[in-house]
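Novice: Following this message is one structure expressed as structure tokens.
Just so you know, all these numbers are worked out from the coordinates, no wet-lab data involved. Since we're looking at a predicted model, the values are computed, not measured. We place every Cβ from the backbone using ideal geometry, glycine too, and count neighbours over all the protein chains shown.
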Amino acid sequence: MILYDDPISGNGYKVRLAMAQLGVDCELIEVDILKGETRTPKFLRLNPNGKIPTLLLDDGRALSESNAILYYLASGSPLWPDDLYGQADVLRWMNFEQYSHEPYVAVARFMLHQPDPPDPAVLAEKQERGYAALDVMDGHLKSHEFFAAGRYSIADIALYAYTHVADEGGFDLGKYDAVNRWLESVRGRPGYVPMAPAD
Ligand SMILES: N[C@@H](CCC(=O)N[C@@H](CS)C(=O)NCC(=O)O)C(=O)O
């Protein structure tokens, strides 16, 4: 398998973390998103949506969308529960991540990584909504060790990726005791790898 990825991407990191924890070997090809390398005709043949992470399977089929890739890798492993409700609960949190968390927590970080300063009103709106997602996570984690099915799963991996670097989007995680306890616990999982060598 080949993973097309950019080391700065939290969506890509989800896949790298799951692969490390599952012991999956994979060739890595770096794609520089800031240089538009996801928009070349060659890359668009792999993923017409022009985004990493994209996984190329050994049989030539490609798979994109980080959470779909997580499911592909984790199905049949301890990272994916056996029972139907547990599976649906994992999907609930992964959908929450894509709709209510990533568009704000990750996008605020992306805006602050750009060479030009962001529009303050746009950044403030992303941060307000990002804090709303963090509030929901903290509320859940006050009475649950992990997000779904009473165990560490790909829902935790999906939510960990951008939450643990939320400070880079201007978020202060200081008041989120339950989130901080959970971040620490994910960091201590067997096979954990950091997002980038400097992490
Ligand atoms: N929903 C997608 C989002 C993927 C995404 O936004 N990828 C970004 C990097 S984090 C990207 O490739 N951006 C480059 C571009 O849009 O050209 C997923 O979860 O994989």
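Novice: Please return the longest range in the chain lying between exposed loop sites, taking trypsin sites (Lys or Arg not before Pro), DSSP loop only, at most 13 other beta-carbon atoms within 10 Å, and leaving the sites out.
Specialist: Values: sites that count: R61, K142, K175.
That gives 62-141 as the longest site-free run.
Novice: Are there GluC sites (Glu not before Pro) in the stretch 116-199 that DSSP marks as loop and that have at most 10 other Cβ atoms within 10 Å, and which are they? Mind dumping the intermediate values first?
Specialist: Details: sites: E125, E128, E145, E168, E184; in loops: E145.
Sparse-neighbourhood loop GluC sites (Glu not before Pro): none present.
Novice: May I ask for the Kirkwood hydrodynamic radius of the chain, worked out over all distinct Cα pairs and given in angstroms to one decimal?
Specialist: Result for the chain stands at 17.3 Å.
Novice: Taking +1 at the Cβ of each Lys and Arg and -1 at the Cβ of each Asp and Glu, which of Q114, T163, S143 sits farthest along the dipole of the stretch 84-187 towards its positive end, judged by Cα position relative to the Cα centre?
Specialist: Projecting each Cα onto the dipole axis, the largest value belongs to S143.
Novice: In nm, give the distance between the simple-model label positions of V24 and A62, each being 7 Å from the Cα along the Cα-to-Cβ direction.
Specialist: 1.7
Novice: For the stretch 2-74, what is the percent of antiparallel DSSP beta bridges, rounded to the nearest 5? Write down the numbers at each step before the final one.
Specialist: Numbers: 6 of 10 bridges.
If I count the DSSP bridges inside the stretch 2-74, around 60 percent turn out antiparallel.
Novice: Cα extents of the stretch 24-125 along the three principal axes, largest first, in whole Å?
Specialist: 46, 34, 22 Å, listed from the longest principal axis down.
Novice: Give me a comma-separated list of calculated 3J(HN,Hα) values for the stretch 45-55, in order, Karplus coefficients 6.51, -1.76, 1.60 applied at θ = phi - 60°, integers in Hz, x for any Gly or Pro.
Specialist: 5, 7, 9, x, 7, x, 9, 9, x, 9, 9
Novice: Please report, in Å, the Rg and the Dmax of the stretch 88-199, where both are computed over Cα atoms only.
Specialist: Over the stretch 88-199's Cα set, Rg and Dmax evaluate to 13.9, 43 Å.
Novice: Have a look at L123, G174, A88 and report the one farthest towards the positive end of the charge dipole of the stretch 84-187, computed about the Cα centre with Cβ charges (Lys/Arg +1, Asp/Glu -1).
Specialist: Towards the positive end, the residue furthest out is A88.
Novice: Related question: Each residue of the stretch 166-179 in turn: what ³J(HN,Hα) in whole Hz from Karplus with 6.51, -1.76, 1.60 and θ = phi - 60°, glycine and Pro shown as x?
Specialist: After applying 6.51 cos²θ - 1.76 cosθ + 1.60, I find 4, 4, 5, x, x, 8, 9, 8, x, 7, 9, 4, 5, 4 Hz.
Novice: As an exercise, take the mean of 1/r over every pair of distinct alpha carbons in the stretch 2-74, invert it, and state the Kirkwood radius in angstroms.
Specialist: Details: mean 1/r = 0.0826 Å⁻¹.
Its Kirkwood hydrodynamic radius stands at 12.1 Å.
Novice: What FRET efficiency comes out for the pair Q98/N180, r = Cβ-Cβ distance, R0 = 25 Å, nearest 0.05?
Specialist: Working: r = 23 Å, r/R0 = 0.92.
Approximately 0.60, to the nearest 0.05.
Novice: Still on this structure: Per residue, how big is the convex hull around the C-alpha atoms of the stretch 73-118? Give it to me in cubic angstrom, could you? Before the final figure, lay out each step's value.
Specialist: Numbers: hull volume 3.5 nm³, N = 46.
Enclosed volume per residue, from the Cα hull, is 77 Å³.
Novice: On to the next question. Holding the Cα-Cα limit at 32 Å, pick out from K51/K175; K35/K126; K35/K142 the pairs that are longer than that. Please report the intermediate quantities before stating the final value.
Specialist: Values: K51/K175 34 Å; K35/K126 24 Å; K35/K142 41 Å.
In this structure, K51/K175; K35/K142 lie more than 32 Å apart at Cα.
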